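A short worksheet on the structure shown next.
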Amino acid sequence: MSKYQIAVIVGSLRHDSFNRKLASAVVKLAPSEFSFKQMEIGDLPLYNQDDDTNQAESVKRLKKEINGAQGLLFVTPEYNRSIPGVLKNAIDHASRPYGQSAWAGKPAGMLGASPGATGTAMAQQHLRNILATLDVPTLGQPEAFIHVKDGLFDGAGNIGAGSKKFLQNWMDQYVAWVKKHAA
C-alpha cells in the first residue's frame, strides 16, 4: 500500500475529456509512494441542504474516500470562465453538513487543460477561492494552465516529450507540498 493516497477529482464527466486524460497521465510522474484514485462525481444528486441529515449513498462514498486520502488533486476544465457545475456540486456535498467537511486540512494541487490559449486560469482561480474557505492548503506555485495542442500526450496516453519537463516539475512540487502538509 502506498504511503500517500491521493483523491483525484476531475471536473469533467466526458469520458474522453482532456482533463481526464491529463489526470491519468500526470499521476504517472509521481513517485511509487503515491497512489491516485479518481473519484466518481457523476452520480451525485444535486446538492440540497435539506438532504444534509440523510445524505445519498454516493455522497457518503465520496466523503469516505476523501477522508481516507492524504491529499487531493483537482483537474478541471473551464466552463464559462469558472469551474464546471458538477465539480462545485461535489465540493458542496463533501463539505456538508456544516462542520463535517471532508476537505478540511487536505493538501491540494490543481491542474487544468483547455484548447484555449489561457488554459483554465479563471477556473483555477475560482477553485482556489472555494478551497481557501474550506481550509484546503493549496499549492500556489508552479501554476499549470495547460494549453491542449498536438504533442501534449504521446500515443500511449502519457505526457508528451514537449510538456514532460514542466509537468514533472509540477508533480515534484506537488509531492513535496503533500508531504509537508499531510497529517
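Things to note:
- Residue that is surrounded by fewer than 19 Cβ atoms within 10 Å (Cβ to Cβ) and either touching a residue at least 12 places away in the same chain (Cβ under 8 Å) or in contact with a His (Cβ under 6 Å, 6 or more places away or on another chain) (or both), where the choices are G112, G116, G162: G116
- All of S95, S114, S101 fail the test of being of a type outside the set (A, V, I, L, M) and at pLDDT below 95, apart from S114.
A quick yes/no check of all residues on (1) at pLDDT below 95; (2) touching a Pro at 6+ places or on another chain (Cβ under 8 Å); (3) among the hydrophobic types (A, V, I, L, M, F, W, C):
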{"site": "S24", "(1), (2), (3)": "no, no, no"}
{"site": "F36", "(1), (2), (3)": "no, no, yes"}
{"site": "L44", "(1), (2), (3)": "no, no, yes"}
{"site": "S58", "(1), (2), (3)": "no, yes, no"}
{"site": "A69", "(1), (2), (3)": "no, no, yes"}
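- Filtering I41, I91 for residues that are β-branched (V, I, T) and part of a helix (DSSP H, G or I) leaves a single hit, I91.
- Every condition in (1) out of contact with any strand residue (DSSP E or B) (no Cβ under 7 Å at 6 or more places or on another chain); (2) closer than 21 Å to S17 by Cβ; (3) not small (G, A, S) holds for E65 except the one numbered (1).
- Residues in region 13-65 that are among the β-branched types (V, I, T) and within 26 Å of F166 (Cα to Cα) were compared, and the one that is surrounded by the most Cβ atoms within 10 Å (Cβ to Cβ) is V26.
- Residue satisfying condition, being surrounded by fewer than 20 Cβ atoms within 10 Å (Cβ to Cβ), of a type in the set (D, E), within 23 Å of F34 (Cβ to Cβ) and in contact (Cβ under 8 Å) with a residue 24 or more places away in the chain, within set D154, D135: D135
One line per residue, one yes/no per condition, for (1) over 30 Å from K60 (Cα atoms); (2) touching a Phe, Trp or Tyr at 6+ places or on another chain (Cβ under 6 Å); (3) among the aromatic types (F, W, Y):
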residue: H126; (1), (2), (3): no, no, no
residue: D150; (1), (2), (3): yes, no, no
residue: G157; (1), (2), (3): yes, no, no
residue: K164; (1), (2), (3): yes, no, no
residue: W170; (1), (2), (3): yes, no, yes
residue: H181; (1), (2), (3): no, no, no
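The values are calculated or read from the model by the stated rules, or taken from the named source; none is laboratory data. Keep in mind the model is a prediction, meaning the values are calculated, not measured. Positions of Cβ are generated from backbone atoms using ideal geometry, with glycine treated the same way; all protein chains shown enter the neighbour counts.
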